[in-house]
1. Across region 301-310, what is the total count of residues that are farther than 18 Å from Ala255 by Cβ and crowded, with 20+ Cβ neighbours inside 10 Å?
2. Give Val91, Val28 a once-over and let me know the one that is surrounded by 21 or more Cβ atoms within 10 Å (Cβ to Cβ), outside any strand (DSSP E or B) and either in the same structural domain as Leu273 (by TED's automatic domain parsing) or not polar (S, T, N, Q) (or both).
3. Any residue in region 296-314 that is over 11 Å from Gly73 (Cα atoms) sitting within a Cβ distance under 7 Å of a residue that is in a helix (DSSP H, G or I)? List the pairs, counting only those 6 or more apart or interchain.
4. Quick check: is even one residue across region 38-59 closer than 23 Å to Asp197 by Cα and in contact (Cβ under 8 Å) with a residue 12 or more places away in the chain?
5. Quickly run through region 549-566 and pick out the residues that are closer than 15 Å to Leu407 by Cα and not aliphatic (A, V, I, L, M).
6. What number goes with the only condition from (1) more than 30 Å from Ile216 (Cβ to Cβ); (2) surrounded by fewer than 21 Cβ atoms within 10 Å (Cβ to Cβ); (3) at pLDDT 95 or above that Lys360 does not pass?
7. Could you tell me which numbered condition Thr97 fails, if it satisfies all but one of (1) out of contact with any Pro (no Cβ under 8 Å at 6 or more places or on another chain); (2) in a strand (DSSP E or B); (3) of a type in the set (S, T, N, Q)?
8. Can you list residue pairs whose Cβ atoms sit under 6 Å apart, with the first residue in region 455-471 being over 18 Å from Ala531 (Cα atoms) and the second being of a type in the set (Asp, Glu)? Count only pairs 6 or more apart in sequence or on different chains.
Amino acid sequence: MKQQLWKRLAVAAKKERADVVVKNGKIVNVFTHEIEEGDIAIVDGVIVGIGQYEGHAAIDAEGKYVCPGLIDGHVHIESSMVTPSEFARVVVPHGVTTVITDPHEIANVAGTKGIQFMIDDSEHVPLDVYIMLPSCVPATSFEHAGAVLTAQELAPFFSHERVLGLAEVMDYPSLLHEHSHMIDKLAAAISIDKQIDGHLAGLDRQAVNVYASANIKTDHECVTIAEALERIRRGMYVLIREGSVAKDLAKLIAAVNNHNSRRFLFCTDDKHLDDLIIEGSIDHNIRLAIQSGVDPVTAIQMATLNAAECYRLHTKGAIAPGYDADFLLVDDLQSFSITHVYKNGRLVAEDGKATFARTKPANIEPALTHSIHAQAVTEADLQIPLQNGQRANVIQIIPNHLHTKHLVAQVDVQNGAFQPSIEWDLLKLVVVERHRKLGIGVGIVNGFQLKKGAIAASIAHDSHNIIATGTNDDDIIAAIEHLKKIHGGLVVVEGDSVLADLPLEIGGLMTAKNYEDVLQSLQQIHHALAAIGATDEFNPFITLAFLALPVIPELKLTDQGLFDVKSFQLIPVQA
């Protein structure tokens, strides 16, 4: 370090030439909201000066804006369905040079082995992947996951240089009632001054006090301006999310003003591969914010410096001496059109394409590639008895939202059991425990608009059991059996035919394939969805994946049955 420091100081003082100098750029200063002109001197991947410098090599910015590399404050890489190393090839061209990820998807399937895979596979890529350790595996006691992670099992990971802290605490009842398994994890993180993320979906002002008192500093689950303001008033940061299902930016951005903007940052949370490629990542959040009237430099500040300060990444988020040389060249701030991306002073993407070499995935243990252990499903398992009339508790989906509505509806009944209705858009929803063959939950869902066939997936947040919906039992069973055959993934079925599938052999969540191949399979799935009458107003698979998540209101389905999130208990389908 001494030699590096001597060199940095010598170049900063203009006693020696820099390794690289960026010339002819308009520097976006996120500290002062100024646009500066000057050379940027870089030594060993670190900025050491701004002014007039000479270097052994030069980057001509050609009058473009020079912005800090973007930071995604909270992302589940598994939701992209590719490995961390491949994920880098997708998001780096969109200007993202740092992410804070919570690997709780793979951890719910494979425990510590899943976490270790995510750490190992994100080494040696031009994307800084910081880890927040999963705090809630399983998310609640009302579902069965593939693992249970205790404070003792998480403790060894805290020593890793890229582990920042404890990820989203979503089990509010355990926090509120001071359950020892949750307190142990919080105390372990606090005792070594680690970060802790929150998850306050649908919770009131009192819950904000509870979370903040536990040293929890963030929330990415706000869906109203009032919720966002309640959190920042109590000293929390609000992460404005724009993912594949949860699209909260349009609702929340009006909460940002000149007085409080430093308490807001951006995240994607869960975003599918095709959406990342078509829309972008955090660059998409920036563009939407600007379109909503936010000053472009403020939007950039939210995506860079605010995120870096929130997660105490002291060398990230700005173009200034002592900061990492992670930066973008942007043609126009209003449209935020990125032409070049640099990581540690080296070009890593140009004109929307990665310029770095593809790396082989890390070693994948058999526990990850053979993770589907589900019982055989019969028609008898799928029956929903309704003996006392035709009124039923129904999950009503809200397009492009994680939240659902608790609908009480009249449903068709034949021989004392629920009968799906295409006319009334009331379909059967099934969750099959896939880790230890423990059981099946069955419910009714409204809103998918399928006209025939069935769909199934092994992506079902957060325990990732098999989840399926369809217009008839035979197709639902066929879809589930096909998933078991391909070791997890996505499938669309009609009658005896598999119309399209995407095998996800790593934990039933990701594949080691190139993202281009995955994108092609997703396009085939979209065509198959259209063939069975699915609407194009929302992505049915993404919506399906969140219908088993029992920590986001109002009604969800787990392998143990229908779950009322507000009362936090299982309820019967019969109303």
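The values are calculated or read from the model by the stated rules, or taken from the named source; none is laboratory data. Bear in mind the structure is a predicted one, so any value in this text is a computation, not a measurement. Glycine gets a Cβ as well: all are built from the backbone with ideal geometry, and neighbour counts include every protein chain shown.
1. So the count comes out to 3.
2. Values: Val28 fails: outside any strand (DSSP E or B).
Just a single option satisfies the conditions, and that option is Val91.
3. Pro296/Ile290; Thr298/Ser261; Ala299/Ile286; Ala299/Ala289; Ala299/Ile290; Ile300/Ile286
4. Of region 38-59, the ones closer than 23 Å to Asp197 by Cα are none.
No: zero hits.
5. Selection gives Pro553, Glu554, Lys556, Phe563, Asp564, Lys566.
6. Looking at each condition in turn, Lys360 falls short on (3).
7. Of everything listed in (1) out of contact with any Pro (no Cβ under 8 Å at 6 or more places or on another chain); (2) in a strand (DSSP E or B); (3) of a type in the set (S, T, N, Q), Thr97 misses just condition (1).
8. Qualifying pairs under 6 Å: Ser463/Glu143; Asn465/Glu433; Asn465/Asp559.
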